1. Give me the extension gain from SER42 to ASP113: residue separation times 0.36 nm, minus the current Cα-Cα distance, reported in nm with one decimal.
2. Around HIS79, what is the net charge, scoring Lys/Arg as +1 and Asp/Glu as -1 over all other residues with Cβ under 11 Å from its Cβ?
3. Can you give the FRET efficiency for ILE1 and SER135, using 1/(1 + (r/R0)^6), R0 = 25 Å, r = Cβ-Cβ distance, to the nearest 0.05?
4. What is the sum of charges, Lys and Arg at +1 and Asp and Glu at -1, for the other residues whose Cβ falls under 15 Å from the Cβ of GLY164?
5. By the scheme Lys and Arg +1, Asp and Glu -1, what is the net charge of all other residues having a beta-carbon under 11 Å from that of GLY124?
6. Calculate log10 I(q)/I(0) of the chain for q = 0.11 Å⁻¹, where I(q) comes from the Debye formula with a single equal point scatterer on each Cα and nothing for solvent.
7. So what is the 222 nm mean residue ellipticity for the chain from helices alone, if each DSSP H run of at least 4 adds -39500 (n - 2.57) and you divide by all residues, rounding to the nearest 500 deg cm²/dmol?
8. How much of the accessible area of region 56-180, probe 1.4 Å, is carbon plus sulfur, in whole percent?
Amino acid sequence: ISAHCNATKTYQYFDTTFHRNSINDFGCNIVSLVNVSMDDGSEMDNAFWNGQAIFYGNGGERFRPLAAALDVTAHELSHGVISSTANLEYYGQSGAIAESFADIFACMVDRNDWKIGEDIVKDGFYPSGAIRDLSDPHNTGDSTDYFWQPAHTSEMYLGSADNGGVHINSGICNYVYYLF
């Protein structure tokens, strides 16, 4: 129920704000798959957009069921919008921009704060209580922490992990949007 309710709210945001008819602007169906597990049957501590649908795990070590978070749904559906419009390469800086756009739209749909995933994060894994925080990309940590993101280009990650830093470096554009 949460997945469909959150998908409806996200659809309504894009329709009302941008007069966009679904993800592809041609009225495509929005498909949400819940209770998804890993290939080996273990809990999936994630949600993702695969180009056709959103897949929601029920959480595990770090998260409660991910379908419960409006901003997670908005983030994943925004990936569909981004891929059907800009089709940015999901690697390096263009991938970080895609992640940032998805975070920004998530915060515009769920306007309670500048955080992503605060409704599903379990205690003890993210000091800010969220996966990402557009107002504080460092997420109250430092560059050695898995949840840390750079806030400025001088802090940009230049390695190959995370598809060239797509989730890591999205903090730069996220912070710029927050300041704007």
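The values are calculated or read from the model by the stated rules, or taken from the named source; none is laboratory data. These numbers were taken from a predicted model, which means no experiment stands behind them. Neighbour counts run over all protein chains shown; Cβ positions are idealised from the backbone, glycine included. The accessibility values were calculated without ligands, DNA or RNA, using every heavy atom of the protein model including side chains. Shrake-Rupley method; radii C 1.70, N 1.55, O 1.52, S 1.80 Å.
1. 22.4 nm
2. In short, -3.
3. My answer for the efficiency is 0.25.
4. Taking every Cβ under 15 Å from that of GLY164, the sum is -3.
5. With Lys, Arg at +1 and Asp, Glu at -1, the neighbours total 0.
6. -0.44
7. For the chain, the value works out to -11500 deg cm²/dmol.
8. Answer for region 56-180 is 53 percent, counting heavy atoms of protein chains only.
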